[in-house]
1. How are the alpha carbon pair distances in the stretch 1-68 distributed across 5 Å bins from zero to the largest one, expressed in percent?
2. Which residue, chosen from Val106, Ala73, Ser87, occupies the Cα position most advanced towards the positive end of the dipole of the chain, where the dipole is computed from +1 (Lys, Arg) and -1 (Asp, Glu) charges on Cβ about the Cα centre?
3. Given points 7 Å out from each Cα along the Cα-Cβ axis, report the Lys99 to Asn2 separation in nanometres with one decimal.
4. Of all trypsin sites (Lys or Arg not before Pro) in the stretch 14-67, which ones are in loop regions per DSSP and have a Cβ with at most 13 other Cβ atoms within 10 Å?
5. Pairs Lys198/Lys224; Lys24/Lys99; Lys39/Lys68; Lys46/Lys68; Lys68/Lys99; Lys152/Lys198: which exceed 20 Å Cα-Cα?
6. Would you mind working out the accessible area per residue for the stretch 1-116, using a 1.4 Å probe, and quoting it in Å²?
7. Tell me, what ³J(HN,Hα) does each residue in the stretch 113-124 have, in order and in whole Hz, if you take phi through Karplus 6.51 cos²θ - 1.76 cosθ + 1.60 with θ = phi - 60° and put x for Gly and Pro?
8. So with the 1.4 Å probe, I'd like the accessible area per residue for the stretch 131-229, rounded to whole Å².
Amino acid sequence: MNPDLNTVLRINRTKAQAKESYDKMSSYYDFFAGVFELKYRNLGLKRLNIARGETVLEIGFGTGHCLKQMAEAVGEEGRVHGIDISSGMLTVSQRRLEKSRLWNRVELTCDDAMNMPYADNQFNAVFSSFNLELFDSPEIPLVLAEIRRVLKPNGRFGVVSMSKDAGNSPFLKMYEWSHENFPQYMDCRPIYVEQSIKDAGFEIQSRDRVSMLGLPGDIVIGIKPAARP
Ligand SMILES: C[S@@+](CC[C@H](N)C(=O)[O-])C[C@H]1O[C@@H](n2cnc3c(N)ncnc32)[C@H](O)[C@@H]1O
């Protein structure tokens, strides 16, 4: 039986509030979240298997660790794009890429990913870690439709996200309670990752279920089906 997507908690803050919060966090984000998220981001990138010469996109790139790995993977012939709502995050990422001499392969945009400035069928792969669960429930199908639009046929979408798919453990319920009561500190919340991606018309290539400090997470690779002749 398909999960009831209506049981996913809502996101009530405005985009301006999200931008302000991540701008403030950008200078110290790596100290409190970086270590916790590293292992799962890396597994997501491994599963996405980016190849030399590819054109790829990261949504919600944060402090740019994955952008750096993506730029190394595509090589000089490839291209990496990124979109993030926070100009503070963009500045930190740009600094990292300049230091690594990879900035010439990368193009970053500061905007809400609901407004993707990219052409149809542009990317071989799109990656997003700890970002999809920040969109409000009615926005998730819209942002996934945008990701599908900008991917080439057979293109891969890799997502790392907190997940509700493993059922409601007491720890998950406690986390959801914290999100409802302290949304300014617990901005993300678990979503039905695999079902949302399937509903958006992707075929599931793989799914890894992980435990992130006791909270369930999913790393899913979806494929945009090739257009039928
Ligand atoms: C929890 S952080 C994750 C950062 C990075 N992906 C990682 O795994 O370390 C979420 C990121 O998504 C960005 N973000 C939040 N809402 C966004 C939106 N609507 N459009 C684009 N980026 C957004 C934030 O600015 C932040 O950089």
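1. 3, 11, 17, 17, 16, 18, 12, 4, 1
2. Ala73
3. About 4.5 nm, to one decimal.
4. Working: sites: Lys15, Lys19, Lys24, Lys39, Arg41, Lys46, Arg47, Arg52; in loops: Arg52.
Sparse-neighbourhood loop trypsin sites (Lys or Arg not before Pro): Arg52.
5. Over 20 Å Cα-Cα: Lys24/Lys99.
6. Values: 6220 Å² over 116 residues.
In whole numbers, the stretch 1-116 has 54 Å² accessible per residue.
7. So the Karplus estimates, Gly and Pro as x, are 5, 5, 10, 6, x, 10, 6, 4, 6, 8, 10, 6 Hz.
8. Working: 4470 Å² over 99 residues.
Per residue, the stretch 131-229 has an accessible area of 45 Å².
The values are calculated or read from the model by the stated rules, or taken from the named source; none is laboratory data. Predicted model only: the values in this text are computed from it and were never measured. Counting neighbours? That spans all protein chains shown, and the Cβs are built from the backbone with ideal geometry, glycine included. What goes into the accessible areas is simple: the full protein's heavy atoms, side chains included, and nothing from ligands, DNA or RNA. Shrake-Rupley method; radii C 1.70, N 1.55, O 1.52, S 1.80 Å.
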